[in-house]
Amino acid sequence: MLKDITLGQYFPGDTPAHRLDPRTKILLVILYIAALFSAKGPATYGAMILTLFVCVRISRVKARALFRGLRPVVVIILFTGILNLFFTPGAYLFQWGPLHISDAGIRLAVSMVLRIMLLIMGTFLLTYTTSPIRLTDGLERLLNPLKKLRVPVHELAMMMSIALRFIPTLIEETDKIMSAQKARGADFESGNLFRRAKAMLPILVPLFISAFRRADELAVAMECRCYHGGEGRTKLHVLRFAARDYWTLAFGCAITAAVMTLAHFGY
Amino acid sequence: MAVMIETKNLEYTYPAAEEGGTGTPALRGVNLSVEKGSFVAVLGHNGSGKSTLAKTFNAVLLPTGGQVLVEGMDTRDEEKLLAIRQRVGMVFQNPDNQIVANVVEEDVAFAPENLGVPPEEIRRRVDGALADVGMSEFVRHAPHLLSGGQKQRIAIAGVIAMEPACIVLDEATAMLDPAGRQEVLATVHRLNREKGITVVLITHHMDEAEDADRIVVMDDGKVAMDGAPGEVFTRVEELRSMGLTVPDTVALLYALRQEGVDVPLDAMSVEACAAAVAAAVRAE
Amino acid sequence: MKDILQIENLTHTYGIGTPFQRDAVKDISFTVREGEFLGIIGHTGSGKSTLIQHLNGLLKPTAGRVLLGGRDIWEEPKKIRQVRFRVGLVFQYPEYQLFEETVYKDIAFGPINMGRTGEELDRCVREAAKLVGLKSATLDKSPFELSGGQKRRVALAGVLAMEPEVLILDEPTAGLDPAGRENFLANIRDFHRNRGGTVILVSHSMDEIAQNVDRILVLKSARILMDGPPREVFARADELLSAGLNVPQITRVAMALRERRVPIDPAVYTVEELQRELLALRKGGAAC
């Protein structure tokens, strides 16, 4: 059923990772990415793998879930690996006709593949341990200073959280519309790409119209509950840093600095 | 008694679809006064203007003629807009299209957050509102997984969290199954009785109006009838001519009266009706 | 009258193998005779929606069979779409599925999928429009210009245009006011009488079902609780009440009268019937 799609794969729990402030986690991911992209050799990549391993343990993610998170990018990983393996110039180790594998090629392929995998798994941990609402709250707080530059931070955050809230509702509605059109003989399975695209019209048109109607009604409902923009708004849950957030961020900075320094020296 | 909402010669015409066309008049001079603490049901067929009327009560629609006063505040006064909307809350027909957040407590907190209420106070109001509608155990649930009746109760909680003086339900039970309708009605009746919140119930289900203090019947943009349920429901022919029905009990009593049986027309509840009919049958 | 639909030991299980596994419909068997007007009633979650989606092949049984005109509809899975042309299903709030530029085109969607063209197609569309009371001028309008009630009639026409042998309606009057309800039901009654079609009406409203059907199927918790003509079903009002269903208000009045020892036939379920009984009692000297 369409209903089984869960975006971002948030898994409720009470691990130390779950208890961190979402802002901490977002900042950690940024530090992680910075470190990851500076990593050069076995030492630095090793450090990144170790870091990820520790984070995975703290979040108590199951290995299976973690690797399932890689599924959408399997093609990219393979593609990158193969491309780098066979088409990197350098001292040839093996050669079969037009294809050749160089020492540099092996190293590049491995590091590129590792980079992608570590990147995906790291950000997966973020969405695994942070609910979409907390994530949006965290982002909103972090981006708040941008308000001075006239960036509509509150509006963007509101749009994101409303979109997230309506995803399951719209999926349900798509299901219903599909059933109704199938009941009139619509065929969504057979035919070439063009035919199938055309067959989506009886679903997309009602869905869009319904989405606009919902938006209209929701806007009125929000105004009736005194919504008047971000000015003067308070929040039920106020994000507050705790000691563990400061410590974790400190660690994160330290590791990133270490990795970047080591990488600078070619490790 | 204090007046919650008052309309004076209220007119509303929907704007024309095209340039230079004429709009559709929906309200043609409505004079109504809703007392604080009362439970008023507004009935009428689709197109009678009842929904339009509801929307003028908290300035969703502004009068094109006449006035609407909420506790003395004119709804056209822009500076009083937030105050008016805090005093008169509204619950709409589609349960899904009023829910803003992913988590029940966040949704109920929406109104107080908008009003700048301090966080501890928001917490207190959210918990209080959920208790008032009997949904406390769902505080951290995802709203989209709830039934229609439960969603509407969350919507009501979201309105109560503003601490309004009046709640308007604009066909809020139209999309619910009988169980859901009962949940919602029981909730608003309790709020009316125990907290003195004024309730205006817009509906086309006759049976929902039976327990109201007062019924206002709208027809063609005007008030056609205004009185206690016992008075209004007995005007069977008039109601039928307006495309409305009467409860089965009243229909039975009316039919018996046509045949000369001496039964009162206002014994609306099942028990009262049975008692009246039994007495009449035995009296012969 | 032969059986047009036979449902044999139908079971449908959702979420097999997950912790959310549940039987929405369990071991349900019944038949529908050609030309019958059947009502299906049950509390939310009793399995009504799941059941009717099996009748036109939108859902596949986990166990059991559905036979249309004596043949298992899943005999040739690739041809399941043909079943949907013979068993038309109108969902709740069907006006939300309209999508074409004109009313005419939207009504034509079903027949076009069936392969109808030219004059045949035109005939189907216009007849269906007439059946639901739409004027020919409306056919050229955009469906989105119409009122909610009119849109719903367009949606009904869209299914009628396929000229199905069986018409299934899920809560067809949901959200309509009393006048709108009567109108819509009148259209359905016309289809039943004049076209001789079989009609299955799913509803929450006991009153609505009582006034229109020949036979009632009561579902409770994925199974059939009762199956019989209205007088039989309403005579067991206590069971209905405990199954979380309402009985028509007039039936409750009859029950209350019987408690007061006024002898009313337990099967009474319309105002007219109760009125007649009471008048008869009066004339015949009141029993006490």
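Read the figures in this text as sums done on the coordinates, not as results from a lab. Keep in mind it's a predicted model, so treat the numbers as computed, not measured. Note: ideal-geometry Cβ built from the backbone for every residue, glycine included; neighbour counts use all protein chains shown.
In this structure, the amide hydrogen of residue C:33, modeled 1.01 Å from its nitrogen in the peptide plane, lies closer than 5 angstrom to those of C:4, counting only residues at least 5 positions away or on a different chain.
Pairs of alpha-carbon atoms within less than 8 angstrom and 6+ residues apart define the contacts here; what relative contact order does segment A:8-158 have, in percent?
On the way: 150 pairs, mean separation 53.2, N = 151.
It rounds to 35 percent for segment A:8-158.
Would you give the gap between the C-alpha center of segment C:124-145 and the C-alpha center of segment C:199-260, rounded to a whole Å? So the two Cα centres are separated by 35 Å. Using the rule -39500 (n - 2.57) for each DSSP H run of four or more residues, divided by the residues of chain C, the 222 nm mean residue ellipticity is -11500 deg cm²/dmol. Using only the alpha carbons of segment A:103-174, what is the convex hull's orientation-averaged projected area in square nanometres? Taking the Cα atoms of segment A:103-174, their convex hull projects to 8.0 nm² on average.
Segment B:228-281 and segment B:100-124 have Cα centres spaced 47 Å apart.
So in the protein assembly as shown, what percent of DSSP beta bridges are antiparallel if you round to the nearest 5?
Details: 45 of 82 bridges.
Given both bridge residues lie in the protein assembly as shown, the antiparallel proportion sits at roughly 55 percent.
Lysine pair count for segment C:13-100 with Cα-Cα distance under 19 Å and sequence separation of 8 or more or different chains is 5. Toward the positive end of the charge dipole of chain C, with +1 on the Cβ of Lys and Arg and -1 on the Cβ of Asp and Glu, the farthest Cα among C:210, C:175, C:17 is that of C:210. Per-residue Cβ neighbour counts within 10 Å put A:240, A:225, B:240 in the sequence A:240, B:240, A:225, beginning with the fewest. Residues in segment B:188-204 carry Karplus couplings, in order, of 6, 5, 5, 4, 5, 6, 7, 10, x, 6, 5, 10, 10, 10, 8, 7, 10 Hz; the curve used is 6.51 cos²θ - 1.76 cosθ + 1.60 with θ = phi - 60°, and Gly or Pro positions show x. Calculated [222 nm] ellipticity per residue, helices only, for chain A: -22500 deg cm²/dmol; basis is -39500 (n - 2.57) per DSSP H run with n ≥ 4, divided by all residues, nearest 500.
Based on the Kirkwood approach, the hydrodynamic radius assigned to segment B:1-83 is 13.5 Å, with every pair of different Cα atoms included. Its Cα centre serving as origin, the protein assembly as shown has a Cβ charge dipole (Lys and Arg +1, Asp and Glu -1) of approximately 3360 debye.
Please give me the summed charge of the neighbours of residue B:225: other residues whose Cβ is under 9 Å from its Cβ, Lys and Arg +1, Asp and Glu -1.
-3
Residues A:88, C:198 in ascending order of nearby Cβ atoms (within 10 Å, fewest first): A:88, C:198. Between residue B:14 and B:24, B:26, the built amide H atoms are under 5 Å apart, and every one of these is 5 or more places off in sequence or on another chain. Amide H to amide H distances under 5 Å link residue C:227 with C:218, where only residues 5 or more positions off or on other chains count and H is placed in the peptide plane.
Shielding value for B:113-121 is 5, the average number of Cβ atoms from other chains within 10 Å of each residue's Cβ.
For segment A:100-222, the alpha carbon positions stretch 61, 51, 27 Å along the principal axes, listed from largest to smallest. Placing unit charges on each Cβ (+1 for Lys and Arg, -1 for Asp and Glu) gives chain A a dipole about its Cα centre, and among A:12, A:119, A:106 the Cα reaching farthest toward its positive end belongs to A:12. Each part gets one Cα centre, and for segment B:1-20 versus segment C:267-284 those centres are 47 Å apart.
Overall, chain C carries a charge dipole of about 300 debye about its Cα centre when +1 sits on the Cβ of Lys and Arg and -1 on the Cβ of Asp and Glu, all other atoms neutral.
Per the Cα gyration tensor, chain C maps to an equivalent ellipsoid with semi-axes of 35, 26, 16 Å, ordered largest to smallest. The ellipsoid equivalent to the alpha-carbon distribution of segment B:159-254 has semi-axes of 25, 15, 13 angstrom, derived from the gyration tensor eigenvalues as √(5λ) and listed largest first.
In chain A, inverting the average of 1/r over every pair of distinct C-alpha atoms gives 22.5 Å as the Kirkwood radius.
Per-residue Cβ counts within 10 Å, from other chains only, averaged over C:256-268: what number is that?
Counting Cβ atoms of other protein chains within 10 Å of each residue's Cβ and averaging gives 3.
Here is how the number arises for chain B: DSSP H runs of 4 or more residues each give -39500 (n - 2.57), the sum is divided by the residue count, and the result at 222 nm is -11500 deg cm²/dmol. Cα-based values for segment B:110-167, radius of gyration first and Dmax second, are 11.1, 31 Å. Sorting the segments A:61-70, B:227-236 by their mean number of nearby beta carbons within 10 angstrom, highest to lowest, gives B:227-236, A:61-70. Normalised radius of gyration (Cα atoms, divided by 2.2 N^0.38 Å) for the protein assembly as shown: 1.12. Averaging the sequence gap over all C-alpha pairs within less than 8 Å and six or more residues apart, then dividing by the number of residues, gives chain C a relative contact order of 21 percent.
Counting only Cα atoms, the size of segment A:195-267 along its three principal axes is 59, 47, 18 Å, in decreasing order. The packing ranking of peptides B:267-278, B:167-178, B:186-197, highest mean first, is B:167-178, B:267-278, B:186-197, where packing means the average number of other beta carbon atoms within 10 angstrom of each residue. Based on Cα atoms of chain B, Rg over Rh with Rh as the Kirkwood radius reads 1.01. Using C-alpha pairs under 8 Å with a sequence gap of at least 6, the mean separation divided by the residue count of segment C:129-288 gives a relative contact order of 14 percent.
Per-residue Karplus couplings for segment C:152-167, computed as 6.51 cos²θ - 1.76 cosθ + 1.60 with θ equal to phi - 60°, are listed in order as 5, 5, 4, 4, 5, 4, x, 7, 4, 5, 7, 6, x, 7, 10, 10 Hz, Gly and Pro entered as x.
Ranked by the mean number of other Cβ atoms within 10 Å of their residues, highest first, the peptides A:94-106, A:25-37 fall in the order A:25-37, A:94-106.
Computed from backbone phi, the HN-Hα couplings of segment B:42-55 come to 10, 10, x, 6, 4, x, 7, x, 5, 5, 4, 4, 4, 5 Hz, rounded to whole numbers (Karplus: 6.51 cos²θ - 1.76 cosθ + 1.60, θ = phi - 60°; Gly and Pro given as x).
Counting Cβ atoms of other protein chains within 10 Å of each Cβ in B:269-281 and taking the mean gives 6.
Kirkwood radius for segment C:248-288, taken over all pairs of different Cα atoms as the inverse mean of 1/r, rounds to 10.1 Å.
Would you mind checking A:147/B:80; A:176/C:105; C:105/C:135 for any pair whose Cα atoms are more than 25 angstrom apart?
Violating the 25 Å limit, Cα to Cα: A:147/B:80.
Compute, for segment C:95-164, the length of the dipole vector about the Cα centre, with Cβ point charges of +1 (Lys, Arg) and -1 (Asp, Glu) only. Units Debye, rounded to 20.
Numbers: 10 positive and 11 negative charges, 50 e Å.
Here segment C:95-164 has a charge dipole of around 240 debye.
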